[in-house]
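This report refers to the structure that appears directly beneath it.
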Amino acid sequence: MLFAAMAGPAWRIGAMLPGFFDVTRDVPIAAGGPSLWAIVGSMVPDRIELSGLALATVIGTFAALLAQFVLTPPRREQAVAAALLAALALPWLLPATALIDVAPALLLAVADTHRRRTAELAGWTAAGLLAAILGLPALGGVAIGVAIWRTARIAIVLPANDNALPLPAPRLYLPRRAA
């Protein structure tokens, strides 16, 4: 389920990649979907070219999520949240995100609403999509960003570091003053 959630954005990255190396073509940064680049696009002038930064960000996040979930697979209760994190974060970072890119995330969030925490995530995801449909993609990007932050707190649980250090803590040796 997790890798299926990552497959759609990976395909979009592959489809966009040739356009980023063509200097004669103008690559749009925002296409009306709720994304980080809709927020950034509403704050900076149109002349600033951010598509390379957008592509590097989404590829780096894709690699980080893949490494995180391959090295420490999510437990059973975290599986849907991990898939939801991938389905939310990758389209949110994609340049030229369309509304259809975020729709699988809404389906995943609604499918897991029997738990209270994921019902909140479904609400944030639906609010982000609704804002983008109403013509406010930057506001929708903020709502999706909140949903990503809340999902990451469920999906990525760092282990407690309650074991002792394997070596004694280093001491700072300072030269002694001559008396």
| query | Can you work out ³J(HN,Hα) from phi for every residue in segment 139-151, in order, using Karplus 6.51 cos²θ - 1.76 cosθ + 1.60 and θ = phi - 60°, giving whole Hz and x for Gly and Pro? | reply | 5, x, x, 5, 5, 5, x, 5, 5, 5, 4, 5, 5
| message | Using amide H atoms built in the peptide plane, which far-off residues or other-chain residues are under 5 Å from Ala30 H to H? | response | Ala96
| query | Across segment 100-113, in residue order, what do the Karplus-derived ³J(HN,Hα) couplings come to in whole Hz, using 6.51 cos²θ - 1.76 cosθ + 1.60 with θ = phi - 60° and x for Gly and Pro? | reply | 5, 5, 9, 4, x, 5, 5, 5, 5, 5, 6, 5, 10, 7
| note | Of the accessible area of segment 78-152, computed with a 1.4 Å probe and all protein chains kept, carbon and sulfur make up a percent value of 76 percent
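The values are calculated or read from the model by the stated rules, or taken from the named source; none is laboratory data. All values derive from a computational prediction rather than experimental measurement. Note: accessible area is taken over every heavy atom of the protein model, side chains too, but ligands, DNA and RNA are not part of it. Shrake-Rupley method; radii C 1.70, N 1.55, O 1.52, S 1.80 Å.
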